[in-house]
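Structure, as structure tokens:
What follows is calculated from the coordinates using simple rules that are stated; it is not laboratory data. In this text the structure is predicted, and so the values were computed from the model without any measurement. When we count neighbours, we look across all protein chains shown, and the Cβ atoms used for this are built from the backbone with ideal geometry, even at glycine.
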Amino acid sequence: NTIGIIPVAFNAGQPKKGVEKGPKQLLDGGLVPQLEKLGWKVDFDGKIHDFEEIRPQSDPDDGVAKNPRFVGRVAEEVNKRVVAELKKGNVALTLGGDHSIGLGTTTGTLEVFPEACVIWVDAHADINGVDDTESGNLHGCPLSWAVGVSRIVEGFQWIANVQQPRLKPSRLVYIGLRDVDDAEKRILKEHNIKAFSMYHVDKYGIGRVVEMALDHVNPDRNRPIHLSYDVDALDPSVVPATGTPVRGGLTFREGHYICEALYETGLVVAMDCVEVNPDLSTKKEDLDLTIRTGMSLIRAAFGESLL
Ligand code: ARG
Ligand code: MN
Ligand code: MN
Ligand code: MN
């Protein structure tokens, strides 16, 4: 069994510099040998791509949306890389970078595994339509295109051509939400998208929440799983170095439990780990804590167990 690593040094889906350094930090921390120690072969050529070669000459705002062409093109490129890894029979591990790349990763998984479901672990729903986003930051919008509820803007035309069923709203489930915009709440309601917020984590406990999430998107436990993990799902006390921290998040253990339980299904074919921003830590301890937590979430999703 082989993991294909796709490091995406990309930050144009949001305004804070530094998130493009996430992949290097995770790799320098020793992620590859750690995964090998768990028994995986790792397919990684050592290159971290910044996609400068596809940066558009000009990239005017579209309405409020910022850097639409660059974000769209990079998502397309990421889509191709995920497809290539999955077609080789590898598990695709994408390291971000901001979460706008989640459009490329999820559509890539669905292209190869049309029956797949998506488990989006995040403080945010990232499903703002391009005309609804308040911030204009496209890392808050990837799922609106994946599900097909957003206007296709310049840079995103590829989405219309991808040979795949769209991500069905019934195949998407969230865990960890606590900062959802009004327009997003409308989309979740209108399309009946299942979401387990921190309220549900408190009410039922993380064990029941993961079970209920799987019962919803994967009732027979036979569909491939795409796990898209935004590290800001965890509480800022555990993951301080991230661009849009929201208090009241998952504990260290709750965050890991999700990965451990999904690993146990044997169905995870792709994982994203995004929004690690090394520049947003003022103290070295904060940086180390964030990187170490990110690496250990990934290890948990690939079989590291406590016993
Ligand atoms: N909903 C907010 C927005 O649209 C925050 C999005 C944060 N997304 C993220 N991937 N961290 O700007
Ligand atoms: Mn988030
Ligand atoms: Mn908000
Ligand atoms: Mn996110």
Row for segment 173-307, column shape: gyration tensor on C-alpha, a ≥ b ≥ c, rounded if a/c < 1.5 i.e. under 1.5, prolate if a/b over b/c, else oblate; value oblate
Helix-only [θ]222 nm of the chain, DSSP H runs n ≥ 4, -39500 (n - 2.57) each, per residue, nearest 500: -11000 deg cm²/dmol
TM-like helix rule applied to the chain (DSSP H, alpha carbon span at least 18 Å on the long axis, mean Kyte-Doolittle at least -1.0) gives 68-87, 252-265, 284-301
Set the bar at 27 Å for Cα to Cα. Now go through Lys16/Lys47; Lys185/Lys283; Lys16/Lys284; Lys66/Lys283 and name every pair that lies beyond it. Lys185/Lys283; Lys66/Lys283
Here the residues of segment 72-98 lying in the modelled label zone of Lys16, meaning backbone nitrogen under 20 Å from a point 7 Å along Cα-to-Cβ, are 95-98
Check the straight Cα-Cα distances from Lys189 and name the lysines below 23 Å, setting aside those fewer than 8 residues away within the same chain. Lys168, Lys203
From a point 7 Å beyond the Cα of Asp131 in the direction of its Cβ, which residues of segment 65-81 have a backbone N at a distance under 14 Å? 65
Taking the Cβ of Arg81 as the centre, find all other residues whose Cβ is under 15 Å away and add up their charges (Lys, Arg: +1; Asp, Glu: -1). -4
Seen from all sides and averaged, what is the projected area of the convex hull of the Cα atoms in the chain, in nm²? 14.2
Excluding Val162 itself, what net charge comes from residues whose Cβ is under 15 Å from its Cβ, given Lys and Arg +1 and Asp and Glu -1? +3
Largest fluctuation, Val274, Val149, Val130 only, Gaussian network model of the chain with Cα springs under 10 angstrom, belongs to Val149
Express the Stokes-Einstein translational diffusion coefficient of segment 42-133 in µm² s⁻¹, to the nearest whole number, given a Kirkwood radius over alpha-carbon pairs, 25 °C and a viscosity of 0.890 mPa s. 168
Return His49, His256, His99 ranked ascending by Cβ neighbour count within 10 Å, so the fewest neighbours appear first. His49, His256, His99
Of the candidates Glu20, Glu111, Glu52, which one comes out as most mobile in a Gaussian network treatment of the chain with C-alpha springs shorter than 10 Å? Glu52
For His191 and Thr251, extending 7 Å from Cα along the Cα-Cβ vector and measuring point to point gives, in nm, a value of 3.3
